[in-house]
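What follows is a set of notes on a single structure, which appears directly below.
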Amino acid sequence: ANFMLLVMFVLLAVKVFAFVNSLLYSGEAYEAAGKLTKPAWALILGIAVAVQLLIPGSMFLNLAFTIAAFVYLADVRPALANLTRR
C-alpha cells in the first residue's frame, strides 16, 4: 500500500510539473513547434491533475492522462525549449 501511494504521489508530481510547464510557453511557440495548441495542452494536463486528485480510483483515466503527461514531457517540452533557447 505504501509503495502504491508513493507511485501515485510521484505520478501526481509529474502531472503537476507538466501542467505548470505547459503554461510557461507562449501560444506562438506551440504553433511554431507544430504541436497541439497551448490551450489544448493546458486543458489535457489540467484535467490530468484534476482526475488524479478527484477520482483516484479511476486507473484507466489515470493511465491515459499519465501517458499524455509523459508525451508532453518527452516530445512537446523539448520542441518548445529548442525554439525558445537563445
Which members of segment 45-86 meet the condition of being free of Cβ contacts under 8 Å to residues at least 40 places away in the same chain, open to solvent by 50 Å² or more (accessible area, probe 1.4 Å) and in contact with a Leu (Cβ under 8 Å, 6 or more places away or on another chain)? I55
Given (1) surrounded by 13 or more Cβ atoms within 10 Å (Cβ to Cβ); (2) hydrophobic (A, V, I, L, M, F, W, C); (3) modelled with pLDDT of 95 or more, A40 misses just (1)
Report every pair of residues separated by at least 6 positions or lying on different chains whose Cβ atoms are under 6 Å apart, first residue within segment 6-30 and open to solvent by 30 Å² or more (accessible area, probe 1.4 Å), second among the β-branched types (V, I, T) and assigned to a helix (DSSP H, G or I). L11/T66; V16/V49; F19/V49
Which numbered condition trips up K35, out of (1) open to solvent by less than 50 Å² (accessible area, probe 1.4 Å); (2) over 13 Å from the mean Cα position of the chain (by Cα); (3) at pLDDT 95 or above? (1)
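The values are calculated or read from the model by the stated rules, or taken from the named source; none is laboratory data. This structure is a prediction, so every number in the text was calculated from the model and none was measured. Neighbour counts are summed over all protein chains in view; Cβ atoms, including those assigned to glycine, are modelled from backbone coordinates with ideal geometry. Surface accessibility is based on the protein's heavy atoms, side chains included, excluding ligands, DNA and RNA. Shrake-Rupley method; radii C 1.70, N 1.55, O 1.52, S 1.80 Å.
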